[in-house]
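**Student:** Shown below is the structure under consideration.
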Amino acid sequence: MDRILLSTVAYRSPEEVFPYVRSFTNYPRYTDHLKSVNVHGDGGVGSLYDLHLAWWKLNYTANSKVTSIDAPQSLEWQLTNDIDARGEWRVEPEPDAAPPDAEMASRIYFDAVYDPYSADKNAISLPRFVSLDWVVTKVQPRLLSEAETVVQRLVTDIEDRTTPRDVELTIHEMP
């Protein structure tokens with residue numbers, strides 16, 4: 001299993017941060033490859049999300065399920081189709097990181113564990129002469145940069161900034 005674990009600080013309280021990490025329907029704004037999100041449920045535990053992705057000549061819909069919520073600290077999810085993947089968004093207060101003009105700060109963790117070779121080869125319509133192994137070798141290096149982009153853009157939304165600030169990311173683990 002591979003793992004991506006990264007974190008950053010947002011200058012808001014966990015109670016202010018958590019609704020943003022929980023709002024998967026806003027995630028297409030945070031990445032170029034997630035085209036749309038459909039939700040089946042109220043966003044609570046058991047809610048299912050259809051994540052419509054596009055990259056290169058590939059289109060794919062990942063199905064994600066919310067498996068646990070402990071607001072405002074944690075939201076756990078898992079993919080329910082075609083690949084073994086699960087993860088968590090975690091939010092922890094970090095008041096010492098708040099700048100003088102902010103009342104509070106929180107550390108946001110994105111943690112994803114996945115097996116790229118568990119992908120169902122029949123689930124993805126690959127162009128002729130393109131193997132799943134080739135796709136995995138091309139996609140895998142992009143996963144970390146995509147996670148970084150999502151977290152950086154998420155912080156911009158959380159802090160309600162028109163101009164993004166430099167967001168320092170801490171990479172705790174990478175594939």
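**Student:** Return the loop-located trypsin sites (Lys or Arg not before Pro) in the range 53-94 (DSSP other than H, G, I, E, B) with at most 12 other Cβ atoms within 10 Å of their own Cβ; answer none if there are none.
**Tutor:** Answer in residue order: Lys57.
**Student:** In addition: Given a cut-off of under 8 Å on Cα pairs at least six residues apart, what relative contact order in percent is computed for the range 1-107? Present the calculation step by step, with values, prior to reporting the outcome.
**Tutor:** On the way: 203 pairs, mean separation 28.5, N = 107.
Worked out over the range 1-107, it gives 27 percent.
**Student:** Okay, moving on. May I ask for the distance between the Cα centers of the range 80-95 and the range 11-49, given as a whole number of Å?
**Tutor:** Going from one Cα centre to the other spans 12 Å.
**Student:** Among His33, Val66, Tyr11, whose Cα lies farthest out toward the positive end of the dipole of the range 1-80, if unit charges sit on the beta carbon of Lys, Arg (+1) and Asp, Glu (-1)?
**Tutor:** His33
**Student:** Next question, about the same structure. Given labels modelled 7 Å from the Cα in the Cβ direction, how far is it in nm from Asp32 to Leu58?
**Tutor:** Between Asp32 and Leu58, the simple spin-label model gives 1.7 nm.
**Student:** Multiply the residue gap between Thr170 and Val113 by 0.36 nm, knock off their C-alpha separation, and tell me the result in nm, one decimal place. Provide the component values of the computation, followed by the final result.
**Tutor:** Values: separation 57, 0.36 × 57 = 20.52 nm, distance 1.70 nm.
That works out to 18.8 nm of additional length.
Bear in mind that the values in this text are calculations on the coordinates, not laboratory data. Note that the structure is a prediction, hence the values are computed from the model and not measured. We place every Cβ from the backbone using ideal geometry, glycine too, and count neighbours over all the protein chains shown.
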